[in-house]
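Peer 1: Please find one structure pasted underneath; my questions will follow.
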Amino acid sequence: MMRTGGSNTFFIHTFGCQMNQADSGIITALLQQDGYSASESEDDAGIILLNTCAVRENAVDRIEHYLQHLQGLKKRHKGLIIGVAGCVPQFQRQEMFSLFPGIDFLAGPDTYRSLPLLIEQVRSGQRAHTLEFNPAETYEGIDPVRQNPISAFVPVMRGCNNMCAFCVVPFTRGRERSHPFSSVISEVRQLVASGYREITLLGQNVNSYCDPDEGRDFAVLLDTVSREASMSRIRFTTSHPKDISEALVRTIAGRQNICNHIHLPVQSGSSRMLGLMNRGHSIEEYREKIALIRKVIPGVVLTTDIIAGFCGEQEEDHQATLELLSEVRFDLAYTFFYSERPGTLAARTLEDDVPEAVKKRRLQEIIDLQNSISDELYQKAIGTVVEVLAESESKRSSLQLMGRTETNRAVVFDREDFNVGERVHVLITSATSATLIGRPEHSPVTLS
Ligand code: SF4
């Protein structure tokens, strides 16, 4: 049976982080340049492309599950082409063809420009792949297609030179390379001209940005972006603790439109574990960075990532993580228990020796503690007025809007006569541990 959208329509299913969402915008632009058109759903598409993430085992499990569903679809729809792009094929390579006979082509994070050629090769009867690393590839000159008209991601660097023992990114996305300063600024100017209200600078290790032309660092880039887009909120993610400089912290404090929120993954509260994880800093150094950030940026909100049960973790290491959470009082923590990723430093050199039941128990203790902290922090916001950038209609009711504070807290509020894209002062009237709820207090806000 032929699909309704025709053979030159494509649908991208994106898994994983904001970097992958940004990459899907690049893939869309590249395919559209070549005459393909995006379809609204997988049911209409002649080509289905999965843009994948290999960082967490459960993400890979979801992708494998989805591929099984696509294999069934392919049996019913002759001529349907299925491609897998991003980190999973870069990691599993051609083995994916034997694991999933329905896959027609594979592309890595550095080879999206080859996608039209791969599709042509499939149409000539081959199974095709391009999985080379290209240390020069930053997709400069590609104008990504963005789904969200309010908020835009701008990748400023790709890859990572750190070798955290648990992480596949250095093996799937290759060495760090920064986009030229001038191309980031011209992309930001285009976004401003198009009316974007929020710009998020992205990189696996965004604060190690280094302009390849003149060596300008991330603090200079962030400061320049905030001046170019002075009416927009500016965010950035993800930061590595060792690359938080005083100049960067002072830049955030000194520019009103740079959001007072830093996501600063710590992974463990124990220096011994940070050493085994090869994180490149001790917990004392992390605490010093937190102290500097809190001293220089009043009202800053911090969020983090934690891994429970990494190789060799003892009960005292776990207790150190709980103590750190109690002390720093992060707004939110993304928490996982350790699962070995093949090919990583840990898989090659360390024993995954914490029993799964212990990992899960420690993870639950971390989640319970963090939830109680988040709950207290959110309850404290009741009665305050916060500025919210309205991002969308609330999922529950068209009479409510959903948006975020500059500190990245989700807020649901009564719509009244406000629209998506407006800044609204909202009086917080109640809260859960993950969402603030309120009603508009003033007319739309203009940031000066
Ligand atoms: S800094 Fe560490 S965790 Fe982050 S992408 Fe690089 S290797 Fe992975």
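The values are calculated or read from the model by the stated rules, or taken from the named source; none is laboratory data. Source: prediction; values computed, not measured. Neighbour counts are summed over all protein chains in view; Cβ atoms, including those assigned to glycine, are modelled from backbone coordinates with ideal geometry. Quick note on the areas: whole protein, heavy atoms, side chains included, nothing else; ligands and nucleic acids left out. Shrake-Rupley method; radii C 1.70, N 1.55, O 1.52, S 1.80 Å.
Peer 1: In the stretch 175-185, is there at least one residue being within 16 Å of the ligand (Cβ to nearest atom), open to solvent by less than 20 Å² (accessible area, probe 1.4 Å) and either outside the structural domain of residue 348 (by TED's automatic domain parsing) or out of contact with any strand residue (DSSP E or B) (no Cβ under 7 Å at 6 or more places or on another chain) (or both)?
Peer 2: No, because not a single residue in the stretch 175-185 is within 16 Å of the ligand (Cβ to nearest atom), open to solvent by less than 20 Å² (accessible area, probe 1.4 Å) and either outside the structural domain of residue 348 (by TED's automatic domain parsing) or out of contact with any strand residue (DSSP E or B) (no Cβ under 7 Å at 6 or more places or on another chain) (or both).
Peer 1: Name the residue, out of 395, 360, that is open to solvent by 60 Å² or more (accessible area, probe 1.4 Å), at pLDDT below 95 and basic (Lys, Arg). Before the answer, list the steps.
Peer 2: Working: 360 fails: at pLDDT below 95.
The unique qualifying residue is 395.
Peer 1: Is it the case that the stretch 308-323 has a residue that's crowded, with 22+ Cβ neighbours inside 10 Å, within 16 Å of the ligand (Cβ to nearest atom), in contact (Cβ under 8 Å) with a residue 12 or more places away in the chain and not assigned by TED's automatic domain parsing to the domain that holds residue 53?
Peer 2: yes
Peer 1: Looking for whichever is open to solvent by less than 10 Å² (accessible area, probe 1.4 Å) and either in contact (Cβ under 8 Å) with a residue 60 or more places away in the chain or not in a helix (DSSP H, G or I) (or both) here; the options are 12, 27. Which one fits?
Peer 2: Numbers: 12 fails: open to solvent by less than 10 Å² (accessible area, probe 1.4 Å).
Testing whether each residue is open to solvent by less than 10 Å² (accessible area, probe 1.4 Å) and either in contact (Cβ under 8 Å) with a residue 60 or more places away in the chain or not in a helix (DSSP H, G or I) (or both) leaves just 27.
Peer 1: Among 128, 136, which is the only one that is surrounded by 18 or more Cβ atoms within 10 Å (Cβ to Cβ) and among the small types (Gly, Ala, Ser)? Even if it seems obvious, please write down each step before you answer.
Peer 2: Numbers: 136 fails: surrounded by 18 or more Cβ atoms within 10 Å (Cβ to Cβ).
Residue meeting the stated conditions: 128.
Peer 1: Please name all residue pairs, on different chains or six or more residues apart, with Cβ atoms under 9 Å, provided the first residue is in the stretch 160-175 and is of a type in the set (Ser, Thr, Tyr) and the second residue is within 9 Å of the ligand (Cβ to nearest atom).
Peer 2: If the second residue must be within 9 Å of the ligand (Cβ to nearest atom), the pairs left are 172/55.
Peer 1: From 218, 171, which residue is surrounded by 18 or more Cβ atoms within 10 Å (Cβ to Cβ), over 17 Å from residue 244 (Cα atoms), within 16 Å of the ligand (Cβ to nearest atom) and of a type in the set (Phe, Trp, Tyr)? Spell out the reasoning first.
Peer 2: Details: 218 fails: over 17 Å from residue 244 (Cα atoms).
Only one candidate passes the filter, namely 171.
Peer 1: Given 411, 386, which one is assigned to a strand (DSSP E or B), buried (at least 21 other Cβ atoms within 10 Å of the Cβ) and in contact (Cβ under 8 Å) with a residue 40 or more places away in the chain?
Peer 2: Details: 411 fails: in contact (Cβ under 8 Å) with a residue 40 or more places away in the chain.
Unique residue meeting the criteria: 386.
Each row is one residue, and each column tells you yes or no for (1) at pLDDT 95 or above; (2) within 21 Å of the chain's Cα centre (by Cα); (3) at negative phi; (4) more than 16 Å from the ligand (Cβ to nearest atom).
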site: 2; (1), (2), (3), (4): no, no, yes, yes
site: 6; (1), (2), (3), (4): no, no, no, yes
site: 10; (1), (2), (3), (4): yes, no, yes, yes
site: 43; (1), (2), (3), (4): no, no, yes, yes
site: 48; (1), (2), (3), (4): yes, no, yes, yes
site: 62; (1), (2), (3), (4): no, yes, yes, yes
site: 86; (1), (2), (3), (4): no, yes, no, no
site: 95; (1), (2), (3), (4): no, no, yes, yes
site: 109; (1), (2), (3), (4): no, yes, yes, no
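Peer 1: Let me ask something additional. Checking residue 158 against (1) at pLDDT 95 or above; (2) within 16 Å of the ligand (Cβ to nearest atom); (3) in contact with a His (Cβ under 9 Å, 6 or more places away or on another chain); (4) not polar (S, T, N, Q), which single condition isn't satisfied?
Peer 2: So the condition that residue 158 fails would be (1).
Peer 1: Out of 226, 230, report the one residue that is over 29 Å from residue 324 (Cα atoms), more than 16 Å from the ligand (Cβ to nearest atom) and buried (at least 20 other Cβ atoms within 10 Å of the Cβ).
Peer 2: Unique residue meeting the criteria: 226.
Peer 1: Return the total of residues in the stretch 213-233 being part of a loop (DSSP other than H, G, I, E, B) and closer than 30 Å to residue 274 by Cα. Give the steps one after another, and end with the answer.
Peer 2: If we filter the stretch 213-233 for residues that are part of a loop (DSSP other than H, G, I, E, B), which is where we start, we get 213-216, 229-232.
Subset that is closer than 30 Å to residue 274 by Cα: 215-216.
The number of residues fulfilling the criteria is 2.
Peer 1: Okay, next question. Do any residues in the stretch 82-107 that are buried (at least 19 other Cβ atoms within 10 Å of the Cβ) have Cβ atoms under 7 Å from those of residues that are of a type in the set (Asp, Glu), where the two are at least six apart or on different chains, and which pairs are they?
Peer 2: These pairs meet every condition: 82/104; 83/104; 86/23.
Peer 1: For the stretch 186-204, how many residues are open to solvent by less than 30 Å² (accessible area, probe 1.4 Å) and within 16 Å of the ligand (Cβ to nearest atom)?
Peer 2: Qualifying residue count for the region: 3.
Peer 1: Show the residue pairs that are 6+ apart or on different chains and have beta-carbon atoms under 9 Å apart, the first residue being within the stretch 343-366 and among the hydroxyl-bearing types (Ser, Thr, Tyr), the second being outside any loop (DSSP other than H, G, I, E, B).
Peer 2: 344/170; 344/171
Peer 1: Tell me, which residue of the stretch 234-259 that is assigned to a loop (DSSP other than H, G, I, E, B) and open to solvent by 30 Å² or more (accessible area, probe 1.4 Å) is nearest to the ligand (Cβ to nearest atom)? Reasoning before the result, please.
Peer 2: Here is the first cut: in the stretch 234-259, the residues assigned to a loop (DSSP other than H, G, I, E, B) are 238-240, 244-245, 255-257, 259.
Filter once more, keeping what is open to solvent by 30 Å² or more (accessible area, probe 1.4 Å): 238, 245, 255-256.
On the way: 238: 7, 245: 16, 255: 25, 256: 29 Å.
Step by step, filter the stretch 234-259, then rank; the result is 238.
Conditions tested, residue by residue: (1) within 27 Å of residue 34 (Cα to Cα); (2) among the acidic types (Asp, Glu).
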{"residue": "127", "(1), (2)": "yes, no"}
{"residue": "137", "(1), (2)": "yes, yes"}
{"residue": "143", "(1), (2)": "yes, yes"}
{"residue": "149", "(1), (2)": "yes, no"}
{"residue": "159", "(1), (2)": "yes, no"}
{"residue": "173", "(1), (2)": "yes, no"}
{"residue": "181", "(1), (2)": "no, no"}
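Peer 1: Just to be sure, is residue 280 within 14 Å of the ligand (Cβ to nearest atom), surrounded by fewer than 21 Cβ atoms within 10 Å (Cβ to Cβ) and outside the structural domain of residue 17 (by TED's automatic domain parsing)?
Peer 2: Working: within 14 Å of the ligand (Cβ to nearest atom): yes; surrounded by fewer than 21 Cβ atoms within 10 Å (Cβ to Cβ): yes; outside the structural domain of residue 17 (by TED's automatic domain parsing): yes.
It is true that residue 280 is within 14 Å of the ligand (Cβ to nearest atom), surrounded by fewer than 21 Cβ atoms within 10 Å (Cβ to Cβ) and outside the structural domain of residue 17 (by TED's automatic domain parsing).
Peer 1: When you look at residue 301, is it away from the ligand (no atom under 16 Å from the Cβ) and over 26 Å from residue 433 (Cβ atoms), yes or no?
Peer 2: Here the answer is no, as residue 301 does not meet what is asked.
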